[in-house]
1. Evaluate the charge dipole of the stretch 95-146 about its Cα centre and quote only its size in Debye, nearest 20, assuming +1 on the Cβ of each Lys and Arg and -1 on the Cβ of each Asp and Glu.
2. May I ask you to derive the FRET efficiency for Thr121 and Ser87 from their Cβ-Cβ distance with R0 = 30 Å, giving the value to the nearest 0.05?
3. What is the calculated FRET efficiency for Ile72 to Lys112, with r their C-beta to C-beta distance and R₀ = 25 Å, to the nearest 0.05?
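Throughout, read-outs are computed from the coordinates displayed, never taken from laboratory work. What you see is a predicted model; the values in this text were computed from it and never measured. In this analysis, Cβ positions are derived from the backbone assuming ideal geometry, glycine residues included, and neighbour counts consider all displayed protein chains.
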Amino acid sequence: MATMATQGPWLRMAAVSPPKAVSRAPTVSSSELGFLSSQLSGIRISQSPCDVAKLVSAPSAPALQPIVARRICPFTGKKANKANKVSFSNHKTKKLQFVNLQYKKVWWEAGKRYVKLRLSTKALKTIEKNGLEAVAKKAGIDLRKE
């Protein structure tokens, strides 16, 4: 019969002989063992402490997600709208109405250069009316990065 024993910071399996023999390693009850295994959450415990040290000390890096441009206007905050597509027979199916996003080069007066932006047509009209600097400041966008 094998039970879990702790020695220092590492966990290792200790072989416990029948009850008449005295063991130095303390025995762990089944309820404590269940708690311990839930705390480890998937770390496989083997007999060699080196394997455990590798698993505990070097956690795997999280998987990198690909960067996807979302269909949201950074200036106005407009995004897709959920709507019903209604057929002639009045049958309704769900659909998304996306924002009219356009890639546009806009002259930035303070930076003395063009800035390429992906913005909605509504934001483009707002920029023409109020100016790029004012709209970017209101939206909290730093034009120097882009």
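1. With Lys and Arg at +1 and Asp and Glu at -1, about 140 debye.
2. Step by step, r from the Cβ atoms, then E = 0.60.
3. 0.30
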